[in-house]
Amino acid sequence: MATPPLTFTGTTGKLAENIMHFARVLREAGLPIGSGAVLDAIDAAQSGVLRERLDFYWMLNAVFVKKREHLEIFEQAFHVFWKKPKMLEQLMQLMYVQIARKGDDEKKGAGYRRLAESMFDKGLQKNVPAQKMDVLEIDATFTASADEVLRAKDFEQMSVAEQAQARIAIAKLHMNRIEIKTRRFRSHASGRMVDMRRSMRQSLHGGGDGIRLAHKAPHFREPPLVVLCDISGSCSNYSRMFLHFLHALTTERARVSVFLFGTRLTNVTRDLNRRDVDDAIARVSGAVKDWNGGTRIGSTLREFNFKWARRVLGQQAHVLLMTDGLERDNTEVLGAEMQRLRRSARRIVWLNPLLRFDKFEARATGVRVIMPFVDEFRPVHSLNSLEDLAASLIGVPSKTKSSMSSVKMSLPNLN
Amino acid sequence: MNLPTSIDATAELLKSTGYIAGRDLATVIYLALKLGRPLFLEGEAGVGKTEIAKVLAQSLGRKLIRLQCYEGLDVHSAVYEWNYAAQMIEIRLAEAEGQVDRERLSGSIFAEKFLIRRPLLQALDSEGGRAPVLLIDELDRTDEAFEAYLLEVLSDYQITIPEFGVIAAKTAPIVIITSNRTREVHDALKRRCLYHWVGYPDAVRELAIIKTRRPNAADALAREVVAFVQALRKGDIYKAPGVAETLDWVTALHELDCVSLDPQMVNDTLGVLLKYQDDIARMEGSGAKRILDQVKDEIRHMQKT
């Protein structure tokens, strides 16, 4: 095997080296770039057809970017890396200062954090004071109220490690997914029905000399998923993680609709559809007006039932309800609306993050009102990472309601 | 009948077959006919979406081809199907003749005479230069996979059959697609169509609709019914009654020899108007009476002025 001749010498050598370093930066930021792509980029750079900076940009873009969600990171990286290549170190220093300064008002582009991480030494990262998401008054976060407080929210961007975690979490969910039978068919060697069209076509291969039957079997598919996620004050500690999880879920799975509710209901499906996670979440936080406000589960559910249920709950949709069930509004409305939801959804899974307290008791009337209408109850005892969140949704889903009763029994003071 | 040449002519055309269209609807229908684009109609059940296609076919003297959508609808029942039994006989015959030329055999097997035409393919056939009206009803009932089949038909009015070739329409059919919005239809499909949201009619138009469709009903009763239904739609109910329900109600009341609404009669016939138990329970008893009193007040007030 002859190794390809090394051609990067002289001035091109510098370019080739820079391309290599640039690729490494992108790789660190989470783009899957192999050595082959680096060689392609160097070959293209040496082909002599690139006239200006923009040509160079689109060349690298074509070689390195293979997915829509990588565009933002690539763009940021390109501008930082190639603007003043000689001053790269200074730039990195500058970025370090910027990211370390908490509460920088300057609007950062999507993927900025992941890029910054990939550009510095990992050791430096540890010195950066850990950024917590803006913690509101701790005392208030665990209480529920029905007051409408409109707040804007700016979420910390996602880190490389978190993104990897999200991928793993979703992959785990993938193994446990429920599929339902559709009325479509796919070809299947041991299927029970005859695929006439394929049989016919196959028979012609042998000149019509006898007809070998081809078979087909029903096609199974994941049902649409509707997520109703609580973002009120009492759930505020998790909203960032919930959103990252929901983003990963919408990109991985088809037919997911996401609604956020506190004191009002917001459909954020379209916003979450942005491929880049930071971009998506920035849009969501712009679209939602009632971050960390009060909770009106009943009236927001009612709004969902009236305005959206008929639109998104078709085709045997499953509902994932993420709320602590702390309702301060009228629980009569909540009961009636849960009943209505029950009738239009094929399956309701309730993810309750309140159970993180060991002493949890289903005393809140809201919890008791919701409980009879859910098919599956998923308590979350510790919710510190996406992994915990995914773990709480994993497990063989019960086909009947029988598992519900066991949950009920394990909860004191439920009835 | 030729295509209408103005918005007013379109409204007149629809009216001649008993469809009272608002200015908005007449405009979008005129544009759809003029530009030769499919018309995508979305709206609650019972507001007259399907009726538009029927009325258009009738008033323009075109054939109506209807494709009722359902879950699992596929190419074989919507576009075309090969006649397998006949094909098999053909193969046997070829065998008996000792003919083993594969090219010729496949040519004769996948020929037009073995093709069974389903609604979408039928719609590309224009007898005597008069393209039919193609109604794709309740598209939201199918799954997303089916929408993909429609894309080619809707943008180029042609269908590609792998074994056969491309079948294109000589004259583009008039395509009406309806949806109850039980799910969102994909943007790629909507992009190819003109979109119109068919809403509930206002009181004046609803009264005109009743007078056109149920000419036997008493005038006073029609007024009361319209005012009652309009008030009901403004209220807080899960499923507001559509125009179809209003017409049904008028018929029902007429059959019961009712000339003016009274609370008892309303309660007894609520099932014609409301189809959800929650809504009926809310209306029964005092609810209906309250609306009825309010409605009668309004009508009295209007007659005075």
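FYI, it's all coordinate maths here, none of it is from the lab. Only a predicted model underlies this, so the values are computations on that prediction, with no experimental measurement involved. Neighbour counts are summed over all protein chains in view; Cβ atoms, including those assigned to glycine, are modelled from backbone coordinates with ideal geometry.
General observations
- Ordering of B:245-254, A:289-298 by burial proxy (mean other Cβ atoms within 10 Å per residue, highest first): A:289-298, B:245-254
- Per-residue Cβ neighbour rank within 10 angstrom, fewest leading, A:Thr300, A:Thr182, B:Thr17: B:Thr17, A:Thr182, A:Thr300
- Here B:Asp24 and A:Asp43 are evaluated by their C-beta separation; at R0 = 60 Å the FRET efficiency comes out at 0.55.
- Counting Cβ atoms of other protein chains within 10 Å of each residue's Cβ and taking the mean over peptide B:130-143 gives 1.
- For region B:140-149, putting each phi into the Karplus relation 6.51 cos²θ - 1.76 cosθ + 1.60 with θ = phi - 60° gives couplings of 5, 7, 7, 8, 4, 4, 5, 4, 4, 5 Hz, in residue order, rounded to whole numbers and with x for Gly and Pro.
- Amide H contacts for A:Arg184 (H built 1.01 Å from N in the peptide plane; partners 5 or more residues away or on another chain; cut-off under 5 Å): A:His219.
- Here chain B is treated as a sphere whose radius is the Kirkwood value from Cα pairs; by Stokes-Einstein at 20 °C and 1.002 mPa s it diffuses with a coefficient of 96 µm²/s.
- Remark: region A:246-263, residue by residue, has Karplus-estimated 3J(HN,Hα) of 5, 5, 4, 5, 5, 6, 7, 10, 7, 6, 10, 10, 10, 10, 10, 9, x, 9 Hz, where x stands for each Gly or Pro and the curve is 6.51 cos²θ - 1.76 cosθ + 1.60 at θ = phi - 60°.
- Cα shape, region A:250-303, gyration tensor, a/c 1.5 rule: oblate
- Label-point separation, B:Glu12 to B:Ser155 (7 Å along Cα→Cβ), nm: 3.8 nm
- Cα-Cα over 32 Å, subset of B:Lys275/B:Lys296; B:Lys190/B:Lys275; B:Lys15/B:Lys170; A:Lys66/B:Lys49; A:Lys172/B:Lys190: A:Lys66/B:Lys49; A:Lys172/B:Lys190
- B:Asp268 sits among other residues whose Cβ lies under 14 Å from its own Cβ, and their net charge, with Lys and Arg +1 and Asp and Glu -1, is -3.
- Residues B:Asn267 and A:Asn330, FRET efficiency given R0 of 25 Å [Cβ-Cβ distance, rounded to 0.05]: 0.35
- Computed FRET value (nearest 0.05) for A:Met20 with A:Lys172, which takes r as the C-beta separation and R₀ as 35 Å: 0.50
- Inter-site label distance for B:Glu127 and A:His188 at 7 Å from Cα along Cβ, in nm: 4.2 nm
- Ordering A:Ser232, A:Ser257, A:Ser344 by the number of other Cβ atoms within 10 Å of each residue's own Cβ, fewest first, gives A:Ser344, A:Ser257, A:Ser232.
- For B:Ala218 and B:Arg205, the difference between the fully extended length at 0.36 nm per residue and the C-alpha to C-alpha distance is 3.0 nm.
- Sequence of A:Ser159, A:Ser239, B:Ser179 once ranked by neighbouring C-beta atoms within 10 Å, starting from the fewest: A:Ser159, B:Ser179, A:Ser239
- Label-to-label distance, B:Lys113 versus A:Asn273, with points set 7 angstrom from Cα along the beta-carbon direction: 4.9 nm.
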